[in-house]
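Below: one structure, written as structure tokens.
Computed from the coordinates by the stated procedures, all read-outs in this text should not be read as laboratory data. The model shown is predicted, which means the values in this text are computed figures rather than measured ones. Here the Cβ is made from the backbone with ideal geometry for all residues, glycine too, and neighbour counts use every protein chain on show.
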Amino acid sequence: MTQIERITEMEKRLNCAREALDRFSEALSAFSEAQEAVRELNAYYGSDEWNQDYDDDQAGRLPQDLPRGVLTEDAVYDLLTDNRELLVGMLETAADITKWGLS
């Protein structure tokens, strides 16, 4: 690889990494802000209130036009699982990055 090729390649890597870091920073902020909602959903899912709401929905006591994804058995569970998996992935990535060190 020539000097010009090396510099050109490293410039591409710099720009790619900068763009990814900027996007991740924005996403991490949004993710952090959403954790309060996740915590509240975790407390609600399977609670006495959730069970009552689910039973009322099954009995047809709720308005037909009411959005009710939160009363499905999979939507909240899947969200909580995805949230946990993302947290684990971030921890694994952070551990890998610290192995090669930061300048």
- Query: Out of all the residues in the stretch 68-103, which are closer than 29 Å to SER47 by Cα, over 15 Å from the mean Cα position of the chain (by Cα) and basic (Lys, Arg)?
  - Reply: ARG68
- In the stretch 53-87, what count of residues is obtained for those that are out of contact with any helix residue (DSSP H, G or I) (no Cβ under 8 Å at 6 or more places or on another chain), surrounded by 11 or more Cβ atoms within 10 Å (Cβ to Cβ) and either outside any loop (DSSP other than H, G, I, E, B) or touching a residue at least 12 places away in the same chain (Cβ under 8 Å) (or both)? 8
- Are any residues in the stretch 22-52 among the hydrophobic types (A, V, I, L, M, F, W, C), under 21 Å from LEU86 (Cα atoms) and surrounded by 10 or more Cβ atoms within 10 Å (Cβ to Cβ), and if so, which ones? PHE24, ALA27, LEU28, PHE31, ALA34, ALA37, VAL38, LEU41, ALA43
